[in-house]
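Everything on this sheet refers to the single structure shown next.
Coordinate-derived values only; no laboratory data. None of these values were measured; they are calculated from a predicted model. When we count neighbours, we look across all protein chains shown, and the Cβ atoms used for this are built from the backbone with ideal geometry, even at glycine.
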């Protein structure tokens, strides 16, 4: 992790001692960085192919998986060789899943180019594609052999994507680190402007995520805390058909985290002041915090509940939520009655509409 | 493993304490057993769905994977729930792969209904589909929670499928158990006729495979011995377009094992008498042993070599073969020169044509 790391990609990746690397990228990121990355790998003796896919969440599909797997095989990537995911979370998830299943597993290098993927999806080994039934419902756990996060690449990231990634940075504070949340309140402008605060935020986020994943790689226990804001957030993404013009993942998470706080307040376990403080900070950073801010609306309460029930963090028919006792005090609540969620959402719908 | 085990399926599977089971089967096997299996599971309190696909190797496709994954999600199979593969190796591989990737892994029960799947594919955790580039090139390692092998189901198995499965039984003797090969020579008719020899052959085969897999689940070392006959065999399957009218997997393996023995003789490491004895026994059991026996032929030497090079047991561009010093004395030969293979295949082509 660091500023300018992409320049060292060839030597860092060559140290993995593979013979062949298939770079998987998209039509936005590829033209900017793929040729330079390929040249750097070739200089270090690797045989390189570049596979370019359309940008956007719709690319996390079965059809793209087939296309990437066949292209990786066509590139004669053998066991011990590499798939290099160059791009944001979509590329990381898709290329990572292909790496997990081609020849029942080849090695993976993540080169995340967005804030979101640098602080979240490139760490932890989750890979996958979307199903008609929901986001990331088909996939594999496949740890990367190497993650190269060049924070300088974020200098040209659109502001909306920067904000979306920042929601996940804030999440690490909300989960179990109130000091880091306070640091975010004081330093968020530096993160956006590319000062040393950015490197610090990325490093702290990766450390926080890795600490959770190391304890619970397969998500049988505490890893679920990383889903703070995601049960609501995924439902919103589903209901907006993963249409990034309406909602991107980080925006869904921002609204979802605020909902998790407000729901915790409604259940009487969290002080209202903490929920207000979270909402204030996310708003200040330019993120949405309310259902009403989703362009085109987000359906009825029943539609939201149905979208939630398809989330994979469901066990035995009961809903599992990450709730909070305050900032930095999240916990896993299993068997949350659907009636409580329904009442909360009805209240949200009535209060968030003018 | 045992005769009549399907009658106990409900209680055995219910012991896994899942709530929902999705039975994945094909149009041949489903009509015979799926309803009875579903009823038995429902009696034991499980919610059951049945997903039926076309029979045949062509079903091990990306499109089928999508169909099965979506149907399993539609059936609301959650983590901890079950996918039940009811059928031969195609169903086991396809449903097993779906179980590996739906929600990044749900539990799998294998109910193999062919000799081949009972003695080979249901044990060991390999799952996958075929790619344009070769067989089983996309997949996952996913161990079943339970394998139920009812040997009575083989009573109605077509003789050609019985023979194909028997090739894998013989393989376990050829790998490292000369006594078991001699037992096969003496008892093969009982295996085919459904006597106690069948149960013994299935049990011994599963034990032999499990012993290898336990030592090397991910195929970094000795598990490769299980591929005796498979480098040649897979190439033949590929070259005949997985057309079961021309060649089924076990037939390819039978020819491939004979080729492995003849290749070993040609390389001067195996006595010719052992190769002749293997060929004689497989012929006696009704299996093909020569390239010329493949209806429609099997292409040129170059086409065969090219098909072999796409096999996933390739490392660093060199061919890896399982060779033999005699019956029950197989070994892994890495870096076999392509020139040797070419010379051998040219010889095979000239001698096997009348």
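The other copies place their residue B:318 label points at 5.8 nm from this one, listed shortest first, where each point is 7 Å from Cα along Cα→Cβ. Among B:22, B:333, B:75, the residue with the largest mean-square fluctuation in a Gaussian network model of chain B, with springs joining Cα atoms closer than 10 Å, is B:333. Entry note, chain A: relative contact order of 14 percent, from Cα contacts under 8 Å with a spacing of 6+ residues.
When each of the peptides A:6-17, B:140-151, A:298-309 is scored by the mean number of other C-beta atoms lying within 10 Å of its residues, the order from highest to lowest reads B:140-151, A:298-309, A:6-17. Considering only beta bridges that DSSP places wholly inside chain B, some 35 percent are antiparallel. Per the Cauchy relation, a quarter of the hull surface: what is the mean projected area of the convex hull of the alpha carbons in chain B, in nm²? Computing the convex hull of the Cα atoms and averaging its projections yields 16.1 nm².
Partner shielding of A:124-134 amounts to 3, given as the average count of beta-carbon atoms from other chains within 10 Å of each residue beta-carbon.
In nm, what does the list of distances from residue A:45 to its counterparts in the other copies look like, shortest first, when each label sits 7 Å along Cα to Cβ? Residue A:45 label point versus its equivalents elsewhere: 6.1 nm.
Indicate, rounded to the nearest 5 percent, the antiparallel portion of the DSSP beta bridges found entirely in the protein assembly as shown. Display every interim value, and only then the final one.
Working: 26 of 68 bridges.
Bridges in the protein assembly as shown that DSSP calls antiparallel: roughly 40 percent.
With label points set 7 Å from Cα along Cα→Cβ, the inter-copy distances at residue B:268 are 8.9 nm, sorted shortest first. If you take the beta carbon distance between residue B:283 and residue A:28 as r and set R0 to 45 Å, what does 1/(1 + (r/R0)^6) give as a FRET efficiency, to the nearest 0.05? The formula returns an efficiency of 0.15 here. Between the Cα long axis of helix A:196-215 and the first principal axis of chain A there is an angle of about 80°, rounded to the nearest 10.
The angle between the Cα long axis of helix B:249-266 and the longest principal axis of the Cα atoms of chain B comes to about 30 degrees, rounded to the nearest 10.
Averaged across the residues of A:99-110, what count of C-beta atoms belonging to other chains lies within 10 Å of each residue's C-beta? Provide the component values of the computation, followed by the final result.
On the way: counts 0, 6, 11, 6, 12, 16, 5, 1, 0, 0, 0, 0.
The mean count of partner-chain Cβ atoms within 10 Å per residue comes to 5.
By the Cα gyration tensor, the stretch B:5-154 has an equivalent ellipsoid whose semi-axes, rounded to whole angstrom, run 21, 17, 14 from largest to smallest. Start at zero, step by 10 Å, and the Cα-Cα distances of the protein assembly as shown spread as 3, 15, 23, 22, 17, 11, 6, 2, 0, 0 percent across the bins.
Per-peptide packing, taken as the mean over residues of other Cβ atoms within 10 Å, places B:219-227, A:91-99, A:242-250 in the sequence A:91-99, A:242-250, B:219-227 from highest down.
Its residue count N fixes a reference of 2.2 N^0.38 Å for the stretch B:161-278, and the Cα radius of gyration divided by that reference is 1.08.
Determine the shielding of peptide B:74-83 by partner chains: average, over its residues, the number of Cβ atoms on other chains within 10 angstrom of each Cβ.
Values: counts 4, 0, 5, 0, 6, 8, 2, 2, 0, 0.
Other-chain Cβ atoms within 10 Å of each residue's Cβ, averaged: 3.
When the helices in chain A are scored as -39500 (n - 2.57) per DSSP H run of 4 or longer and the sum is shared across all residues, what 222 nm value do you end up with, to the nearest 500 deg cm²/dmol?
On the way: 12 runs with 165 residues, N = 354.
Calculated at 222 nm, the ellipticity per residue is -15000 deg cm²/dmol.
Based on the mean of other Cβ atoms within 10 Å per residue, sort peptides B:156-166, B:105-115 so the most packed one is first. Don't jump to the answer; show the numbers that get you there.
On the way: B:156-166: 18.7, B:105-115: 26.2.
Those peptides, ordered most packed to least, come out B:105-115, B:156-166.
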